[in-house]
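Below: the structure, in structure tokens.
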Amino acid sequence: MFLSHLSLTHYRNYRHLELDFTQPLTLLQGSNAQGKTNLLEAIFFLSTSKSVHAVQEREVVDWQAGEEPIPYCRVAAQTQLDGRTLELEIILTPRGDGINFTKQVQINGVNKRSMDLVGLMRTVLFLPEDIKLVDGGPAERRRYLDIALCQMDGAYCRALSAFQRVVTQRNSLLKSLREQELSPTAPAADAQLAFWDEKLVQHGALVMARRHNFIRILEVFARDRHAELSGGQEQLALNYLPSFNPGMLADPEFELYCEGLLPEMALPELEPAQVADAYRRKLAARRRREIGAGTTLYGPHRDDLRFLANDRDLRAYGSRGQQRSAALALKLAEVRAMTDSTATAPLLLLDDVMSELDAQRRSTLLSVLADVPQAVVTTTDWEDFTPEFRRRAQLLHVSAGTVQPYQQATQPG
Ligand SMILES: Nc1ncnc2c1ncn2[C@@H]1O[C@H](COP(=O)(O)OP(=O)(O)O)[C@@H](O)[C@H]1O
Ligand SMILES: [Mg+2]
């Protein structure tokens, strides 16, 4: 898969951009606040149908779009795969309320659901703030897992979306049951909940099994990368931390595992059916508690992912350097896992990450660029890259939302 063309209209500070990608490597240079991140974010948006952070979609619409008769925002790309061209497009148009926007997705000119877009142009995005995956909250890590998994696995994406709808419905039912102060064992509560429980279990079990299995694979690759980054001093472990035991261990061992007290061991793969059994039992046993809370307490929406280096939790005890290495190792592992599972390497998007990294981390990161068919890399400083690297790349300069080819003749070095 090769991204050959990007077209932006009223996307953030880009009034109008038509950009051809001509080389496996694109290097985009510009000072701060010129549009480097915005350009990568636009590609990521087409790839995942999600904005980079969980920002409101309307935030990506150019402030100046309002001066148009119809203030729309459009992001479109052409990709090449096996000699065929694929056209991907997202258009945001204002709703009647004047605040929100409607998202319309087209693939080869045909209207589709957002979900259909995901997986057609797979990307892995590296940001300076990736360290948040290690030191931030669990929602950040779930979002990370979801974006990675959705790109590889359509069944996951459908199950996740269905699960999220079911949780919302089930939560409002639990809340109303709490307000009615129904006895949790009353037949009415049972009958109503049984319907939603089964849907919750069906979709949630698939999500949990896939996350667990994915983390097992990520761990193997991330461990190698982390060892390399730490000069062989540290062994990285990734632990899937679900809100109940999905059958990954015997119950007493599972408790130790959650406390970080179980010695490192290889965990078996999980099947959705096995998780479903454990999930059903958990819900049945905790029905009273859930009604009391008026919310769904168990399931993938409460999952977390833990990073350990030499058995120490990096979120609590890691230095900035260790956390940065672990986040980088995770992303590099994702590239490998995605390449293996889909038989094609993802498009790499590296946003101004070089300046943050020391020599060892830089060279580890640059080594993956050699393994992928395409990467788009941004920088404020050409000097972050060797002349040899720059010679291989398509060089672009961005200034105030305008992208121009960079003159080789005046190139430094
Ligand atoms: N919705 C928007 N409409 C117009 N301009 C925007 C919008 N959102 C952000 N910007 C502008 O985009 C610029 C930041 O671009 P960014 O890609 O983050 O820069 P950098 O090159 O530093 O990565 C800022 O000047 C900001 O004001
Ligand atoms: Mg930026």
Quick one: how many residues across the stretch 282-293 are touching a Phe, Trp or Tyr at 6+ places or on another chain (Cβ under 9 Å) and either exposed (fewer than 15 other Cβ atoms within 10 Å of the Cβ) or touching a residue at least 40 places away in the same chain (Cβ under 8 Å) (or both)?
-> 2
Which listed residue is in contact (Cβ under 8 Å) with a residue 60 or more places away in the chain, surrounded by fewer than 20 Cβ atoms within 10 Å (Cβ to Cβ) and in contact with a Leu (Cβ under 6 Å, 6 or more places away or on another chain), from 223, 178 | 223
Just one of the numbered conditions (1) more than 9 Å from ligand 1 (Cβ to nearest atom); (2) in contact (Cβ under 8 Å) with a residue 60 or more places away in the chain is not true of residue 18; which one?
-> (2)
Answer residue from the stretch 65-117, given it is in contact (Cβ under 8 Å) with a residue 12 or more places away in the chain, farther than 21 Å from residue 43 by Cβ and out of contact with any Lys or Arg (no Cβ under 9 Å at 6 or more places or on another chain) and is surrounded by the most Cβ atoms within 10 Å (Cβ to Cβ) among those = 71
For the stretch 22-64, what are the residues that are surrounded by fewer than 18 Cβ atoms within 10 Å (Cβ to Cβ) and either on the phi > 0 side of the Ramachandran plot or among the aliphatic types (A, V, I, L, M) (or both)?
-> 33, 54, 55
Yes/no for residue 142 being charged (D, E, K, R) and assigned by TED's automatic domain parsing to the domain that holds residue 240 | yes
Answer from 407, 394, 360 - the residue that is assigned by TED's automatic domain parsing to the domain that holds residue 62, within 21 Å of residue 8 (Cβ to Cβ) and away from ligand 1 (no atom under 16 Å from the Cβ) = 394
Has the stretch 262-274 got at least one residue that is under 20 Å from residue 220 (Cβ atoms) and touching a Ser or Thr at 6+ places or on another chain (Cβ under 8 Å)?
-> no
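Residue-wise test of (1) on the phi < 0 side of the Ramachandran plot; (2) part of a strand (DSSP E or B); (3) not hydroxyl-bearing (Ser, Thr, Tyr).
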{"site": "79", "(1), (2), (3)": "yes, yes, no"}
{"site": "87", "(1), (2), (3)": "yes, yes, yes"}
{"site": "93", "(1), (2), (3)": "yes, yes, no"}
{"site": "102", "(1), (2), (3)": "yes, yes, no"}
{"site": "119", "(1), (2), (3)": "no, no, yes"}
{"site": "134", "(1), (2), (3)": "yes, no, yes"}
{"site": "155", "(1), (2), (3)": "yes, no, yes"}
{"site": "163", "(1), (2), (3)": "yes, no, yes"}
Selection status of residue 212, under 30 Å from residue 366 (Cα atoms) and in the same structural domain as residue 304 (by TED's automatic domain parsing) | yes
Got at least one residue in the stretch 24-47 being under 23 Å from residue 345 (Cα atoms), in a loop (DSSP other than H, G, I, E, B) and at pLDDT 95 or above?
-> yes
Pick out the one residue from 129, 87 that is among the acidic types (Asp, Glu) and touching a strand residue (DSSP E or B) at 6+ places or on another chain (Cβ under 8 Å).
-> 87
Consider residue 204 carefully, then state whether it is not charged (D, E, K, R) and not in a helix (DSSP H, G or I).
-> no
Residue identified as within 22 Å of residue 145 (Cα to Cα), in contact with a helix residue (DSSP H, G or I) (Cβ under 7 Å, 6 or more places away or on another chain) and at pLDDT 95 or above among 267, 236 | 236
Limited to the stretch 343-400, what total is found for residues that are β-branched (Val, Ile, Thr), in a loop (DSSP other than H, G, I, E, B) and modelled with pLDDT of 95 or more?
-> 1
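The values are calculated or read from the model by the stated rules, or taken from the named source; none is laboratory data. As the structure is a prediction and not an experimental result, all values here were calculated from the model. Note that we place each Cβ from the backbone using ideal geometry, even for glycine, and neighbour counts take in every protein chain shown.
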